[in-house]
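All remarks here apply to the structure that follows.
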Amino acid sequence: MTPCFHCGDDCLDTPLQQYDKNFCCFGCKTVFEILNDNDLTYYYQLESAPGISPQETVATYDFLDDLDIANKLLDFNEGNTQVVSFVIPSIHCSSCIWVLENLQKLAPAVVSSQVNFPKKRVQISFHSGKISLRELVVLLSKIGYQPHISLEDNASEERKQNKTLIYKLGVAGFAFGNVMFLSFPEYFEESEFWLNQFKGVFRWLMFVFSLPVVLYAAQDYFKSAYAGLRSKILNIDVPIAIGIATLFIRSTIDISFHMGSGFFDSLTGLVFFLLLGKFFQQKTYAYLSFERDYKSYFPIAVTKLVKKDGDSIEIPTEVYKINKGDRLLIRNQELIPVDSILIKGAALIDYSFVTGEANPIPKVSGEALFAGGKQQGAVLEIEVVKSVSQSYLTQLWSNEIFSKKESRIFQSLTDQISKHFTVVVLTIAVVATAFWLFWNPSIAFNVFTAVLIVACPCAIALAAPFTLGNVLRFFGNKKYYLKEASVIEQMASIDTIVFDKTGTLTSNKKSIAHYEGIILSPGEEELLTSSLRASNHPLSRALYSQLKTVGIKTLDEYHESIGEGIEAVIEENQIKIGSYSFVTNCSKPSNNGSHRTAVHISTNSEYKGCFVFLNEYRAQVECVMKELHNAYQLIILSGDNEGEKENLQRLLPKGVQLHFNQKPEDKLYFIENLQRENSKVMMIGDGLNDAGALKQSNVGIAISENTNLFSPACDGIMDAEVFSLIPEFLKAAQKGVQIIKWSFMFSFCYNIIGLGFAITGHLKPVVAAILMPLSSISIVVFTTLMVRFLIYRKLR
C-alpha cells in the first residue's frame, strides 16, 4: 500500500498524484494544494504525514449566520473584532499547532490565533467585516480541523480554576518562614543584649504572622470539623482543628504572661504542610470533563423547515427553540436531537452511542425516531414529537442519580482511623492532666495542651494525600485520568467489575468479516468490490476496506435501496448485495441466525453466500478477563442483541455473566441491585447509554478512543490504548492503600515519642519545632519512595 503524503493512511484506491506526491483522497489533495498555494508547506517538515484527512460532510454551518447562536459562541464581540474559541479534536502534533497559529496566511481577515495544546483548543481573533464565523469554521474544516460545536456551547460558562488553596498555601508558607526566622534566638537561648531587648517584639510579631494562618489558611479545617461534629462524625479534621486551636491558644497565653515564646513555629508549619498535602493531592486534568451529559453530544442548531408561499424554506434554528409539531431536515451523518416521526426519506439510524446496538436500524415513513440517533443515509424530513427537554435521551438525566451532588457515601481510610485516634488522644490528655492535678497542679495545663499539640495527626493526614497524589500522577502518565484522588481508595475496595460491550470491549475500528458460501470467481470479486466502492453504507464501507481493491471497474448501472441493499451491473453481469430478503426475493431462513450481522451476495440471480461480521474486540481482552476473573466477579452488560454471545463465550472465562438487550435504565438498575447485595461495583463503559450506570456505580470509568471527544459523566477517563493495563491499575490502587496503612504505623511511632515528652511535661517549643516538621517530611519521603518502588517500577 502507498501511504498518503498528507495523512499517512494507506491509499486503498489508485493514489491521486500532485507534485510527485501521493494522496489517498481528494480531501487530502485539496488540503495540500491550499497549504502549498499559501506557502505553508513547512507544515510537512515538522512532522511526517501530520495531516488529518478531511471528512466529507453535508453540514453547511448555516446556523452560524444566526446572530443569536453566533453571539453565544463568541468570547468577545466589539465593533469588527470578534474572538472565538473552538475545541478541535484532531489537534495532535506540532504541525497542527503551527498551521493553526498561521491561519492569517490562509485568511488575511484572521488577526491572530493561539492554540492550547493540552485542551486541544484554539482561540481565534478575526475581522468580522471580512470573514464571517461560518466562513471561518468552513475554512478550518477544509484543512482537516473541524471544530466540535455542541449544545453544551450554547450555555457554556468559562470554567475558572479555584486558586483559593494556592493563596492559603502562600499565606501559610510566608508566615511559616518568617516565624521560623524570628524563633531562632529562642531555640538557642541567646542572651545577646539587643535580642533580649526585642524578644517581646519578636514574639508578638510571631503572633501577628500566625493570625492569618489560623483565621484564613486553616479555616477549612475548622469548618469541616464543625460539620463533622454536627453530623456526629469524627473525621480527621476534628483532631487537626483541636491541635491548631490548642497551639494558637497556648502560644498566645505564653507570650501574654511572659511564660515563653509559644508554639507559633509549629502552628504555622503544621498548617503549611497540611495545605501542601492538599495541593499535591489536588491533581486535576482541566482539559478533560468528567461531568458531561447529552449537551456535549447534541448539535447546537438544526435545520427547520418553514412553509412560506407554498414552499418549504430551510431556517437554521437553535435546538432549544424546537417545539412539538416542527418539521426538521436531517442530513447524512447528522444527529437527531428530538423524538420524532419520520415523514420523508429512508432512514438508517445508528443508535450505538445511545442504546449500545451496534448495527444501524432501517426506518420507513411513519416510524418513530428517538433522540440521539445518527442518520447514515440520505436526507430525511421528520416531525417533532417531543422537544429536547422531554425527549427519551434527555429523560435519562432526570433520574435522581444525576441530581445528587454526591450519590455515593464513601468513608476514606484516614477518616476511619481518625474516629479512634481522636478518642484515644482525648483520653490520654484527660488521664495525664488528672494525674498531674494531684501530683503537680502547676504543670497540669501545660501537659494537657502539650498532649493535644504533639498528638495532632499531621503525619496521618499527610499519608493519604501524598500517596494518592503520587499514584494519581502515575495513572495520568499511563493515560488513565481520575477525577480525584479518592477514587483510588474506592478502586481498591472493588469486588465486581461490569463491562459494556460495544465500544468498550470492542474497538471502534471496522468489524472483521468472514465469508460463508460458494467461492467467488475473480470476475465476481471485481464486481463485488467495484459495487461496494460506490456505496456509503457503513457495512459496505467496512467490507470494502477489508477486500482487495485490485481491478476496480466502472459500473454500467448502480442502484441503492436504503436499508435493503445495492444492485449493480458491469458488462451484463449483475450483482445484488444486502439483506437476504433483498438478494433472494424471499424471507430469511431461520437457520441463518437472526442475530448475526451479515451482507448477502447473489450474482446473475444466483445466491452465492454472505459475509458475516463479528465485532473486533480489543487486543488483550482475553488476557485481561482471565487475569481479573480470579479476583473479581465479572459481568458484561450490552445494549446489543445476542449475535455475539457465542463469540464472547469462546473469548471469556467460564463464569462471566452475559446480559444482552440492556437499555440504559436497565444497566442503572442492574448496578443498583448489585449494590443492594453489598457488592462494590466498578463500571467501565463508553457511551450515553452507560451514563446512568457509570454514575450509580462505586467507580465509573469511561473508556475513550480520544479523551478530548465526548465521554459520559464518570469518575475517570481511560484511553483505549491502555485497556490491557486495567488489572495493573487495580493492583496499583490496592498497593497505594497498603502504603497508606504502613504510613499510619510510621506516624504512630512519632506520636508515641512525642507523647513521651508531653505527658512528662518536658515538651519545649524547640522539641515540637523539630519533631512535628520531621514527622511530616519523613512521611512525604516514605510515601514517595514506596510508590516509586512498589508501583512505578512494576508498571514502566
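Here, each number is a calculation from the coordinates, and none is a lab measurement. Every value quoted in this text rests on a predicted model; they were computed, and no experiment measured them. Glycine also receives a Cβ, built like all others from the backbone with ideal geometry; neighbour counts cover every protein chain displayed.
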If R₀ is 25 angstrom, what is the calculated FRET efficiency for the pair Thr584 and Ser561, using the beta carbon separation as r and rounding to 0.05?
0.95
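Report the gain in length on full extension from Asp666 to Ser125: 0.36 nm times residue separation, minus Cα-Cα distance, nm rounded to one decimal.
Working: separation 541, 0.36 × 541 = 194.76 nm, distance 4.71 nm.
Computed gain between Asp666 and Ser125 is 190.0 nm.
Taking 1 over the mean of 1/r across every pair of different Cα atoms in region 201-256, what Kirkwood radius in Å do you get? Intermediate values should be presented prior to the final figure.
Details: mean 1/r = 0.0832 Å⁻¹.
So the Kirkwood estimate lands at 12.0 Å.
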By what distance, in whole Å, do the Cα atoms of region 447-514 stretch along each of the three principal axes, largest value first?
81, 26, 13
May I ask you to evaluate 6.51 cos²θ - 1.76 cosθ + 1.60, the Karplus curve with θ = phi - 60°, for each residue of region 776-791 and list the ³J(HN,Hα) values in order in whole Hz, giving x for glycine and proline?
5, 5, 5, 5, 4, 5, 4, 5, 4, 5, 5, 5, 5, 6, 8, 10
What's the Cα-based Rg to Rh of region 662-703, Rh via Kirkwood?
0.94
Taking Lys and Arg as +1 and Asp and Glu as -1, residues besides Ala346 with C-beta under 11 Å from its C-beta add up to -1
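Taking 0.36 nm per intervening residue step and subtracting the Cα-Cα distance, what contour gain separates Gln114 from Leu651 on full extension? Could the numbers behind the result be given before it?
Details: separation 537, 0.36 × 537 = 193.32 nm, distance 4.75 nm.
Between Gln114 and Leu651, full extension yields 188.6 nm more.
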Rg and Dmax of region 440-562 over Cα atoms: what are they, in angstrom?
32.9, 111
Take the Cα radius of gyration of region 594-742 and divide it by 2.2 N^0.38 Å, with N its residue count; two decimals is plenty.
1.25
If each residue of separation counts as 0.36 nm, what is the full-extension length gain between Val722 and His92 once their alpha-carbon separation is subtracted?
225.0 nm
